[in-house]
Amino acid sequence: MRIVSLLPSATEIVCTLGMNDQLVGVTHECDYPLFVRKLPKVTRTLIPHDASSAQIDLLVRERLQTQKALYSLDMPTL
């Protein structure tokens with residue numbers, strides 16, 4: 001079985017269950033346990049990485065009001 005996790009908490013659960021060797025992809029936010037940082041990232045944020053907290057808040061509110069996505073899936077990697 002090959003597992004792709006789209007939530008950091010799900011990644012941690014998979015690892016806690018001892019299924020590390022089956023985990024083949026994670027979200028861009030996954031960073032624990034440390035080895036998952038080396039796995040392919042199958043998502044990316046659509047919010048600029050260098051945005052301030054206030055800018056992030058504004059962008060997220062705008063995207064939610066207009067029903068625009070906050071993240072995208074990297075389909076070739078997936």
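The values are calculated or read from the model by the stated rules, or taken from the named source; none is laboratory data. Fair warning: this is a prediction, and the values are worked out from it, not measured in the lab. All Cβ positions, glycine included, derive from the backbone under ideal geometry; neighbour counts span all protein chains shown. All accessible areas refer to the heavy atoms of the entire protein, side chains included, with ligands and DNA or RNA removed. Shrake-Rupley method; radii C 1.70, N 1.55, O 1.52, S 1.80 Å.
For the list (1) assigned to a loop (DSSP other than H, G, I, E, B); (2) modelled with pLDDT of 95 or more; (3) out of contact with any helix residue (DSSP H, G or I) (no Cβ under 9 Å at 6 or more places or on another chain); (4) open to solvent by 70 Å² or more (accessible area, probe 1.4 Å), I need the number of the one condition that Arg37 fails.
So the condition that Arg37 fails would be (1).
Hey, among the residues in region 1-28 that are touching a Pro at 6+ places or on another chain (Cβ under 7 Å) and not in a strand (DSSP E or B), which one's farthest from Leu78 (Cα to Cα)?
Checking each candidate, the answer is Cys15.
Can we say Ser72 is touching a strand residue (DSSP E or B) at 6+ places or on another chain (Cβ under 6 Å), hydroxyl-bearing (Ser, Thr, Tyr) and not in a loop (DSSP other than H, G, I, E, B)?
Spelling it out, Ser72 is indeed touching a strand residue (DSSP E or B) at 6+ places or on another chain (Cβ under 6 Å), hydroxyl-bearing (Ser, Thr, Tyr) and not in a loop (DSSP other than H, G, I, E, B).
Among the residues of region 53-69, write down those that are in a loop (DSSP other than H, G, I, E, B) and over 30 Å from Arg2 (Cα atoms).
Of everything in region 53-69, those that are in a loop (DSSP other than H, G, I, E, B) and over 30 Å from Arg2 (Cα atoms) turn out to be Thr66, Gln67.
Could you grab me the full set of residues in region 10-34 that are of a type outside the set (Val, Ile, Thr), open to solvent by 70 Å² or more (accessible area, probe 1.4 Å) and over 20 Å from Ala69 (Cβ atoms)?
Hits for region 10-34 are Glu12, Leu17, Asp21, Asp31, Tyr32, Leu34.
Would you say Asp50 is among the acidic types (Asp, Glu), free of Cβ contacts under 8 Å to residues at least 40 places away in the same chain and in a helix (DSSP H, G or I)?
So Asp50 does not fit the description; no.
If we keep just the residues of region 52-75 that are at pLDDT 95 or above and among the small types (Gly, Ala, Ser), which is nearest to the chain's Cα centre (by Cα)?
This residue is Ser72.
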